[in-house]
Amino acid sequence: YEIESYWEGSFLERTVRGAFAKTMKENRSNIKILFDHGYDPTVGNKVLCAVEDLAEDADSARGEGRLFDTSYVRDLLPGLEAGVYGSSFRFRVTGESWDDEPGESDHNPKGLPERTISKVRLYEFGPVTFPANPESTAKLRSLTDSYYERLMPRDVQAYDAALRAVGRSKPDFTGRRWALGVQLHDDCSRL
């Protein structure tokens, strides 16, 4: 994805698989989930939830937690339900490479410099109003949904029966808003 920054200039950025591995292993207990990096004037630096899962999937880093039952979290729920937020993370790059003159290509028609991040130290992540990566996501799901997601690969017949029992054709059984899933960063493998 393209970064256009007054301070940093314009360039394409991608993060490779494994960039989060060390920080997720060694710094997990210090990583927080915040809204707008803790700078929102109404929510401030209040934590939205504890980190329950951090992982690197095939195409992104991902974090999850159960939202706290607080007034400031409830204020964010309509926007999270509507899918109007992206996600972002605060980090320090500890490994990177640059191609300052990559030339024009299908993925880079302007021939912008390309930054590849290979290692980071992660401090916090969460939903944001204006994500740097437009493909990042912040989503809500119910804990019941999570149970059925784990049930499906183990027992497809039980999963199908549960769907029929509640009259649903998709895995949203309760509509309750409990868990926040945040896709931290797309690896932008199209670069």
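Structural remarks
- Which listed residue, of Ala82, Ala132, is farther than 25 Å from Ile31 by Cβ and open to solvent by 40 Å² or more (accessible area, probe 1.4 Å): Ala82
- Enumeration of residues in the range 53-68 that are among the charged types (D, E, K, R) and either surrounded by 14 or more Cβ atoms within 10 Å (Cβ to Cβ) or modelled with pLDDT of 90 or more (or both): Glu56, Asp59, Arg62, Glu64, Arg66
- Odd one out for Phe89 among (1) hydrophobic (A, V, I, L, M, F, W, C); (2) closer than 20 Å to Thr137 by Cα; (3) modelled with pLDDT of 95 or more: (3)
- Positions within the range 51-93 being polar (S, T, N, Q) and within 19 Å of Asn133 (Cβ to Cβ), in sequence order: Ser60, Ser87, Ser88
- Qualifying positions in the range 1-51 - at pLDDT below 90, open to solvent by 90 Å² or more (accessible area, probe 1.4 Å) and of a type in the set (Asp, Glu): Glu4, Glu8
- Residue list for the range 86-145, filter: of a type in the set (Gly, Ala, Ser) and farther than 27 Å from Pro41 by Cβ: Gly95, Ser97, Gly103, Ser105, Gly111, Ser118, Ser142
- Taken over the range 85-129, the criterion of being open to solvent by 80 Å² or more (accessible area, probe 1.4 Å) and not basic (Lys, Arg) is satisfied by Glu96, Trp98, Asp100, Glu101, Glu104, Asp106, Pro109, Tyr123.
- Close contacts from the range 78-95, counting a first residue that is within 18 Å of Leu48 (Cα to Cα) and among the polar types (S, T, N, Q) and a second that is open to solvent by 20 Å² or more (accessible area, probe 1.4 Å) and in a loop (DSSP other than H, G, I, E, B), with Cβ to Cβ under 8 Å and a gap of 6+ residues or different chains, come to Ser87/Pro131; Ser88/Pro131; Ser88/Ala132.
The values are calculated or read from the model by the stated rules, or taken from the named source; none is laboratory data. Since the model is a prediction, treat every value here as computed from it, not as a measurement. As a convention, Cβ positions derive from the backbone with ideal geometry for all residues, glycine included, and neighbour counts pool all protein chains shown. The protein model used for the area step is the full one, side chains on, heavy atoms only, and it has no ligands, DNA or RNA in it. Shrake-Rupley method; radii C 1.70, N 1.55, O 1.52, S 1.80 Å.
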